[in-house]
Every structure is written in C-alpha cells, then in structure tokens.
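*Asks:* Okay, handing you the structure first.
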Amino acid sequence: MKLILIRHGNTFDATQTPYWVGAAEDMALTKAGLQQAAALADWLTSQKLVPTRIFAGPLSRHLAFAGVLAHRLGVERGPIKAETLNELDYGLWSGRTDPQIEGLGLGADFKVWKEGAWPQQSQWGESEALVLGRVKQFLTKLAEEGVGQDETVAAISSNGLIRFFLRFCGDQYRERLVSGGLKVATGAYCLLEGESYDWRCKEWDVRPKRN
C-alpha cells in the first residue's frame, strides 16, 4: 500500500506574521492555500500517485484542502473525516509567535521538539503516547476498511502529527532527524509504502514543482 501524507496549505497571507496553530485554532485556508491543493493534485497526477481514498483531519484547513484534491483528482471516496488525523494541541505555544514563546521561558522546549523529543513544560493537550496511539488507530483503520495492498490512499493533516508516522518506519525516524529534519512544508507531501505497522518512507517533504 502507498500512503501519501499531506500537510494542508497556507493559513497565513504573505503580509501576516505566522504564529503557532494547533488543534485549538480552526483556521481557514488562504487563497494561496487552496491554490496549493490544486497544484498538488496536478503534481500527483503527473507522478501517477492518484489515491483511491482521501482521508482528512477534522479541522477546516484539512477538509478544505482534501476537498480540492478530491474534486480535482476525481476521487469519489473522500474527503473521509478522521479525528485521528487532527493536529496537536500546542498548549502554551498556541496563538503565539516563536519570540513570544521564548519570552515565556520555553526556549528549552523548542530545542527538544526540534531534536525529536516531547516538550515537557509547555502544557500540550496530549501526551506523546496518546498522539502515537492516534496514528496507530489510523493505520489500523486502513486495514479494517479493507484497503488493498495495491491501493494508494492520501491523508491530509498538519506538520506536528505527520512526523509521528515515521515512528512506524523502523530506524528512519532517527535517520531523518540527523539528515534533514522532520518538518513538512505547507502543501507538501511524504510517501510511505507498507502495511499494518510496518512502513518505509520513500519520500519526505516533496514540494510540487511549478510549471
């Protein structure tokens, strides 16, 4: 099975100052964010990666992005809403810029998050174990719904959650930390192949090329 993990498009215009947006901030996509969805649909078509089903987290930015993909790709089975694909709850980080968070004395938490560990002082809404459990539930759902080994499915979520799928890719989680980091850009995708809880990451943070 091929699993395309997709980060939703932009939620900030170029003139706005970005801040941390998590499960508590249900922001809409900007015009550019919707355009990113259309561009990704065209790119996936060119790469022969058209999914048979499209799952999406419950937030507006997830569902809107998935809706554009489904329409442009002609996918009838989607968007399929999946609570397990919801973004993380960033606690004290939510709604704040990086400097504001550091001003709260949480710079050490920033450092450990970039290094792949779980922040301990920022009062996030879930534990790391619960987030991993959500990812495992989603992977279980794919098997329970009879997704075939030869199928390609897509899942639209957010940057914070997508990285946890790598935990089911053997040693690739740590390898990515060392080689290139875990971040996925808005409108970009990652490609995993496998089944159940045994996956390999084939591509990470792929950004559609502009014609």
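*Asks:* Can you pull out the residues in the stretch 70-79 that are under 18 Å from Gly9 (Cα atoms) and in contact with a strand residue (DSSP E or B) (Cβ under 6 Å, 6 or more places away or on another chain)?
*Replies:* Listed by number, the residues that qualify are Ala70, Gly78, Pro79.
*Asks:* List the number of the failed condition for Lys183; all other conditions in (1) surrounded by fewer than 19 Cβ atoms within 10 Å (Cβ to Cβ); (2) within 23 Å of Val75 (Cα to Cα) hold.
*Replies:* Here Lys183 meets the rest and fails (2).
*Asks:* Quick one: what pairs do we get from the stretch 120-144, first residue more than 26 Å from Ala108 (Cα to Cα), second part of a loop (DSSP other than H, G, I, E, B) and among the β-branched types (Val, Ile, Thr), C-beta under 9 Å, 6+ apart or different chains?
*Replies:* These pairs meet every condition: Lys141/Val147.
*Asks:* While we're looking at this one, here's another question. Looking at Ala117, Ala108, which one is assigned to a loop (DSSP other than H, G, I, E, B), small (Gly, Ala, Ser) and outside the structural domain of Gly22 (by TED's automatic domain parsing)?
*Replies:* On the way: Ala108 fails: assigned to a loop (DSSP other than H, G, I, E, B).
Only one candidate passes the filter, namely Ala117.
Yes/no per residue for (1) surrounded by 16 or more Cβ atoms within 10 Å (Cβ to Cβ); (2) of a type outside the set (Lys, Arg):
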| position | (1), (2) |
| --- | --- |
| Met1 | yes, yes |
| Asp13 | no, yes |
| Met27 | no, yes |
| Gln47 | no, yes |
| Arg53 | yes, no |
| Ala64 | yes, yes |
| Thr84 | yes, yes |
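*Asks:* Pairs only if they're at least six apart or on different chains, beta carbon under 8 angstrom, first in the stretch 192-211 and under 20 Å from Arg174 (Cα atoms), second surrounded by fewer than 13 Cβ atoms within 10 Å (Cβ to Cβ); list them, first residue then second.
*Replies:* From residues that are under 20 Å from Arg174 (Cα atoms), the pairs are Leu192/Arg200; Glu193/Arg200; Gly194/Arg200; Trp204/Gly180; Asp205/Gly180.
*Asks:* State which residue is modelled with the highest pLDDT when the search covers only the stretch 96-141 and only residues that are basic (Lys, Arg) and exposed (fewer than 13 other Cβ atoms within 10 Å of the Cβ).
*Replies:* To start, the set of residues in the stretch 96-141 that are basic (Lys, Arg) comprises 96, 111, 114, 134, 136, 141.
From the residues that got through so far, the ones that are exposed (fewer than 13 other Cβ atoms within 10 Å of the Cβ) too are 111, 114.
Values: Lys111: 91, Lys114: 87.
The extreme case among them is Lys111.
*Asks:* Something else: For the stretch 21-43, enumerate the residues that are in a helix (DSSP H, G or I) and free of Cβ contacts under 8 Å to residues at least 60 places away in the same chain. So that I can check it myself, show each step before the final result.
*Replies:* Quick first cut of the stretch 21-43, residues in a helix (DSSP H, G or I) only: 31-43.
Matches in the stretch 21-43: Lys31, Ala32, Leu34, Gln35, Ala38, Ala41.
*Asks:* Additional query: When Gly146 is evaluated against the numbered criteria (1) assigned to a loop (DSSP other than H, G, I, E, B); (2) surrounded by 17 or more Cβ atoms within 10 Å (Cβ to Cβ), which criterion, by number, is the only one it fails?
*Replies:* Here Gly146 clears every test but (2).
*Asks:* A further question on this structure: Any idea which of Ala37, Ala14, Ala56, Ala23 is among the small types (Gly, Ala, Ser) and in contact with a His (Cβ under 6 Å, 6 or more places away or on another chain)?
*Replies:* After ruling out the rest, the residue left standing is Ala56.
The values are calculated or read from the model by the stated rules, or taken from the named source; none is laboratory data. Since the structure is predicted, the reported quantities are computational estimates derived from the model, not experimental observations. All Cβ positions, glycine included, derive from the backbone under ideal geometry; neighbour counts span all protein chains shown.
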